[in-house]
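Undergrad: Let me begin by handing over the structure; questions about it come next.
Only the coordinates and a few stated rules stand behind these numbers; no lab work does. What you see is a predicted model; the values in this text were computed from it and never measured. Every residue, glycine as well, gets a Cβ built from its backbone with ideal geometry; the counts of neighbours run over all protein chains shown.
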Amino acid sequence: MADCVLLTNLLVTTSTVADQVVLTYTVPVGKTFSLDYFYVMCRSTAPPGNPNPVVFGEASLEHPPGTKLWTVDLVGNVAPREHGLTFPIPHQIPGGEVVRIVCTPAAATSFRWRVNLGGFLT
C-alpha cells in the first residue's frame with residue numbers, strides 16, 4: 001500500500017543569496033518516493049501596483065541537493081504565475097535521499113516563494 005505525501009512551504013526572501021531552500025524532503029529509509037508533481041510560485045510582498053514586469057529570480061528542483069533537475073526563471077507583476085511539472089512517469093527517489101526546491105532571488109526585495117510537492121511512498 002502506498003502512502004500519499006503532500007508538502008507545501010513558504011519562504012520570504014530579502015537577499016540575492018543563491019539556492020535558498022524553500023522546501024526539503026528526506027525520503028524515509030526503506031521506502032521509495034515517487035515524485036508526481038511540484039509547483040513554484042513567487043510574488044512581491046509589496047506589488048508595484050502597475051503592469052510592469054518584475055524579475056523575481058529562478059527556482060529549481062534538485063535531486064540530490066546541488067543537482068538541478070529543472071530550473072525556471074520567474075517573471076511576473078501583480079498576478080503571479082505558478083510554474084512546475086507533473087511527471088507522466090513519477091521520478092523515483094530512494095530511501096535516505098533528499099529532494100529539495102531552491103530559489104535564487106534576482107533582487108534584495110521582499111519576495112514570497114511558495115512551493116507544493118507531491119507523490120507517494122512505497
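Undergrad: Determine the dipole magnitude for the chain: charges of +1 sit on the beta-carbon of Lys and Arg, -1 on that of Asp and Glu, nothing else is charged, the reference point is the Cα centre, and the result goes in debye to the nearest 20.
TA: Once rounded to the nearest 20, the dipole reads 220 debye.
Undergrad: Here is a follow-up. What is the ratio of the Cα radius of gyration of region 1-91 to 2.2 N^0.38 Å, with N the residue count, to two decimals?
TA: Cα-based Rg divided by the globular estimate yields 1.25.
Undergrad: Moving on to the next point. Placing +1 on the Cβ of each Lys and Arg and -1 on the Cβ of each Asp and Glu in the chain, which of HIS83, ALA18, PRO48 has its Cα farthest towards the positive end of the resulting dipole?
TA: Value computed over the given set: PRO48.
Undergrad: Here's another thing I want to ask about it. Need the full-extension length gain, ARG81 to ASP19, defined as separation in residues times 0.36 nm minus the C-alpha distance. One decimal, nm.
TA: Values: separation 62, 0.36 × 62 = 22.32 nm, distance 2.02 nm.
Gain on extension, ARG81 to ASP19, equals 20.3 nm.
Undergrad: For a protection proxy built on the mean count of beta-carbon atoms within 10 angstrom, sort 20-26, 65-71 highest first, please.
TA: By packing density, highest mean first, the sequence is 20-26, 65-71.
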